[in-house]
1. Within the range 109-123, can you find the residues that are within 14 Å of Ala31 (Cα to Cα) and either in a helix (DSSP H, G or I) or open to solvent by less than 70 Å² (accessible area, probe 1.4 Å) (or both)?
2. Among the numbered criteria (1) under 25 Å from Ala207 (Cα atoms); (2) among the aliphatic types (A, V, I, L, M); (3) open to solvent by less than 10 Å² (accessible area, probe 1.4 Å), which one does Ala105 miss?
3. If I ask for residues that are assigned to a loop (DSSP other than H, G, I, E, B) and either among the basic types (Lys, Arg) or in contact with a strand residue (DSSP E or B) (Cβ under 6 Å, 6 or more places away or on another chain) (or both), which ones from the range 243-280 would you list?
4. When you scan the range 27-42, how many residues do you find that are in contact (Cβ under 8 Å) with a residue 24 or more places away in the chain and either charged (D, E, K, R) or surrounded by fewer than 21 Cβ atoms within 10 Å (Cβ to Cβ) (or both)?
5. Counting residues that are modelled with pLDDT under 85 and of a type outside the set (Asp, Glu), which helices (runs of 4 or more DSSP H) fully inside the range 157-242 reach at least 1?
6. Residues that are surrounded by 17 or more Cβ atoms within 10 Å (Cβ to Cβ), over 24 Å from Ala183 (Cβ atoms) and among the small types (Gly, Ala, Ser): does the range 4-21 have at least one?
7. Quick check on my filter: what residues within the range 329-363 are crowded, with 20+ Cβ neighbours inside 10 Å and farther than 30 Å from Gly122 by Cα?
8. What number of residues within the range 370-396 are under 28 Å from the mean Cα position of the chain (by Cα) and modelled with pLDDT under 50?
Amino acid sequence: MAAGYVEILRARHAARLLVGTLVGRLPNAVAAIAVVLFVRAEGGTYSLAGALAAVYGVANAVGQPVLGRLVDLYGQPRVQLPAAVVSAAAMAVFALTDLEPIAVAYAAVVVAGLFTPPLEGGLRALWPVVLRREEQVHTAYAMDAVAQEVMFTVGPLLVTLCASLWSARVAVVVLNVVGVLGALSVVVSPPSRAWRSAPREAHWLGALRSRGLLVLLGAFLFVGMALGSIAVAAVSYADGHGGDGVYGWLMAAIGLGALVGGSVYGARRWPGAPERRLRVLVGLLALCYLPLMLMPGVVAMVGLTAVAGVFLAPCIACAFVLVDRHAPSGTVTEAFSWLVTTFTVGASVGTGVAGPVVQAGGALWGFAVPGAAGAVSLLVLVVAGRVLAPPAGGGVVAGSPENDPNRAVEPRFSSGDRA
């Protein structure tokens with residue numbers, strides 16, 4: 001299993017780009033918990049902490065595709081590094097305000113969220129530059145999804161460790177400085193400096209003029225909803241089965257399941273079209289959510305949540321391939337950023353939907369939400385199957401208005417998005 005990943009990491013610049021991107025994204029991965037810890041340390045209420053974290057999340061969702069489009073237009077170093085510096089500076093202002101005046105705190109988290117650099121989409125645009133074979137790029141996408149699970153597991157531990165060793169204020173500043181260093185490591189690398197987007201047609205919709213990409217975004221809105229709703233339902237379950245410790249085990253189990261599933265998925269080359277594979281993976285993801293409604297004892301429930309996470313990373317990795325194929329020429333970074341934004345928004349919606357459901361019907365009905373959301377995601381992919389379908393010949397299509405009335409140039413592999 002490890003051989004494929006070792007081959008990827010031995011490619012020139014690959015390890016540096018992956019590690020630099022993960023470190024650069026650390027502030028974004030821990031922003032919510034860092035904000036909550038800081039607000040509570042300063043005597044603020046949970047309501048204020050939640051509101052500030054939510055404002056940051058919304059600003060981040062807005063900023064990612066906008067900055068992604070700028071990266072496609074002007075290159076990575078000219079956008080990624082300045083954005084990282086501005087975002088880190090805004091979080092430093094937030095940490096130094098003592099929440100007074102509160103308007104400054106809100107403005108700071110808005111700026112920090114808006115200017116969070118789209119390193120995730122940028123890395124996926126660089127993989128075809130660093131890895132010359134398409135099957136290697138597919139493996140890299142899976143490795144990328146697995147690395148995300150590691151980051152979102154390790155990140156909260158790092159911020160709580162910093163807060164306990166020094167203070168929440170120091171944790172916010174230090175982690176954002178580290179994030180800038182990670183972004184710097186990426187943008188000064190030869191692949192990032194040399195990368196240029198493929199020629200693009202000026203269009204106000206940008207990547208969103210691709211019907212295939214819109215289908216993927218619609219499907220992954222509901223995948224995000226499923227994940228967000230599990231987080232709420234798990235709180236209700238944990239309240240009746242041991243409290244916060246049980247909740248932590250449930251969330252860790254989902255991450256572990258995704259890590260294992262993504263590792264196995266990326267270790268081999270899968271036959272067949274990725275469009276059909278994604279439908280199968282999303283169907284299995286939805287199916288694995290259903291046993292959560294059994295709500296057995298803690299040990300068994302931890303096992304079920306691990307199984308529920310197994311197909312998450314493979315779904316994301318497969319979606320990366322399809323985004324790469326369906327993104328209009330010259331919009332690959334923006335397209336990847338839209339997927340990140342849609343997934344994040346979906347998770348927030350899922351959290352909002354599951355709250356009243358759990359309040360009215362308890363954890364049982366809360367765990368019904370992810371299964372239903374997964375089923376809707378599968379339905380979107382099935383109903384819109386013709387939009388996602390590859391051309392009959394299975395080859396790459398040329399970019400021309402005859403191929404696509406929206407001039408979206410799809411589907412394709414982004415070998416054109418190379419230096």
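The values are calculated or read from the model by the stated rules, or taken from the named source; none is laboratory data. Everything quoted here is computed from the prediction, not taken from an experiment. All Cβ positions, glycine included, derive from the backbone under ideal geometry; neighbour counts span all protein chains shown. Side chains included, ligands, DNA and RNA excluded: accessible areas come from the protein's heavy atoms. Shrake-Rupley method; radii C 1.70, N 1.55, O 1.52, S 1.80 Å.
1. If the condition is that a residue be within 14 Å of Ala31 (Cα to Cα) and either in a helix (DSSP H, G or I) or open to solvent by less than 70 Å² (accessible area, probe 1.4 Å) (or both), then Val109, Val110, Val111, Ala112, Gly113, Leu114, Thr116, Pro117 are the ones that fit.
2. So Ala105 meets the others, but not (1).
3. Result: Arg268, Arg269.
4. Residues that pass the stated criteria total 5.
5. 211-239
6. Yes: one or more hits.
7. Of everything in the range 329-363, those that are crowded, with 20+ Cβ neighbours inside 10 Å and farther than 30 Å from Gly122 by Cα turn out to be Ala354, Val357, Val358, Ala363.
8. 1
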